[in-house]
Amino acid sequence: MEFNSYYQNLILVPAVAFVVTVILKGISIKIKTWKVDISASLWSGGMPSVHSSVVVALATAVAIKYGPSSDLFAVSMAFTVIIIYDAINVRFEAGQHAMAINEFIWEKKFKESLWHLPSEAFAWSILGIIVAVALYYV
């Protein structure tokens with residue numbers, strides 16, 4: 001089985017997923033706020049989930065290149081589960097702490113929306129799969 005250039009160096013697959021997702025996040029912000037805010041595209045939380053898209057693209061690329069029964073795929077799936085769990089749950093708690101601190105000091109100094117809803121993580125995991133599969137056939 002011969003792989004194209006994206007699969008010779010697997011770092012390109014999640015890198016492409018990152019760029020695509022950040023661009024889509026910028027478009028989403030533009031649609032919601034009618035403002036162009038490039039830095040907001042890189043913020044944590046919100047839609048789409050860059051975390052989910054990138055790690056799922058990597059895991060999918062590893063599955064395509066090495067097979068779903070490979071040890072490398074098992075490691076990449078464990079990594080993917082930890083990252084998505086963190087994006088949904090751990091950063092939710094961090095946002096709750098930021099909210100409590102902001103109320104305590106009576107100003108909004110800390111960003112409160114740091115997490116992703118499970119639906120956001122799932123939806124943009126699909127984008128990661130699409131990017132990995134599309135790059136395989138490019």
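The values are calculated or read from the model by the stated rules, or taken from the named source; none is laboratory data. Because the structure is a prediction, the values reported are computed rather than measured. With ideal geometry, Cβ positions are generated from the backbone for all residues, glycine too; neighbour counts draw on all protein chains shown.
Results, tabulated for the structure shown:
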read-out	value
Failed item, numbered, when A87 is tested on (1) at pLDDT below 80; (2) over 17 Å from the mean Cα position of the chain (by Cα)	(2)
Selection count, segment 120-138, where residues are crowded, with 19+ Cβ neighbours inside 10 Å, over 17 Å from V19 (Cα atoms) and out of contact with any Ser or Thr (no Cβ under 7 Å at 6 or more places or on another chain)	0
Answer from S69, S5, S39 - the residue that is modelled with pLDDT under 85, within 20 Å of Y136 (Cβ to Cβ) and surrounded by fewer than 13 Cβ atoms within 10 Å (Cβ to Cβ)	S5
